[in-house]
Amino acid sequence: MRAARAGRYERLTKRAQFTAAAKGRRFHTARMTVQAVRPAEETEPKPRFGLTVTRKVGNSAERNRIKRRLREALRLHAAATGEPGVDYVIVARRDLLSAPFETIITDLAEGLRRAAPKPSRDLPAREA
């Protein structure tokens, strides 16, 4: 495992992790969809992120530019605000290419907040 550096975030790397997140909670904006799930397997207490940009969005140069913008937004903001122990998948849309960067950060923060799974009711309440 790589040592964590400032601004780095854990990534989803396996197809099964992406498909599991697709079955979880979702939040849609005009520029992206955020999918989130609390994985069944025991993971690190950090949020993990995956990016998806389909071919329908544009050619490879446009898709790569969208991914770079999303990675930077994650690095600056989302990695610190994601719910611990939750896997997030961000599905980008074409409007993300021309959106102001501040709007991307706002949409991402709202998506992470709204798509995060609710705490399990099976867990005992924390005592103060």
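The values are calculated or read from the model by the stated rules, or taken from the named source; none is laboratory data. Keep in mind that this is a model prediction, so the values were computed, not measured. Note: ideal-geometry Cβ built from the backbone for every residue, glycine included; neighbour counts use all protein chains shown.
Give the range 32-83 a look and list any residue that's among the hydrophobic types (A, V, I, L, M, F, W, C) and more than 15 Å from the chain's Cα centre (by Cα), or say none.
Step one: filter the range 32-83 for residues among the hydrophobic types (A, V, I, L, M, F, W, C), giving 32, 34, 36-37, 40, 49, 51, 53, 57, 61, 66, 70, 73-74, 76, 78-80.
Those that are among the hydrophobic types (A, V, I, L, M, F, W, C) and more than 15 Å from the chain's Cα centre (by Cα): Ala40, Val57, Ala61.
Output the qualifying pairs, or none if there are none: Cβ atoms under 8 angstrom, residues six or more apart or on different chains, first residue in the range 93-117 and closer than 15 Å to Glu72 by Cα, second residue hydroxyl-bearing (Ser, Thr, Tyr) and assigned to a helix (DSSP H, G or I).
Ala109/Thr81
Which count do you get for residues in the range 57-80 that are loosely packed, with under 13 Cβ neighbours inside 10 Å, part of a helix (DSSP H, G or I) and not charged (D, E, K, R)?
4
Yes/no per residue for (1) of a type in the set (Gly, Ala, Ser); (2) within 16 Å of Asp107 (Cβ to Cβ); (3) modelled with pLDDT under 90:
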| site | (1), (2), (3) |
| --- | --- |
| Arg31 | no, yes, no |
| Arg38 | no, no, yes |
| Glu42 | no, no, yes |
| Val53 | no, yes, no |
| Asn59 | no, no, no |
| Glu62 | no, no, no |
| Ile66 | no, yes, no |
| Leu76 | no, yes, yes |
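Return the residues of the range 81-100 that are touching a helix residue (DSSP H, G or I) at 6+ places or on another chain (Cβ under 7 Å), assigned to a helix (DSSP H, G or I), at pLDDT 90 or above and not aliphatic (A, V, I, L, M); say none if nothing qualifies.
Residue satisfying the conditions is Arg94 alone.
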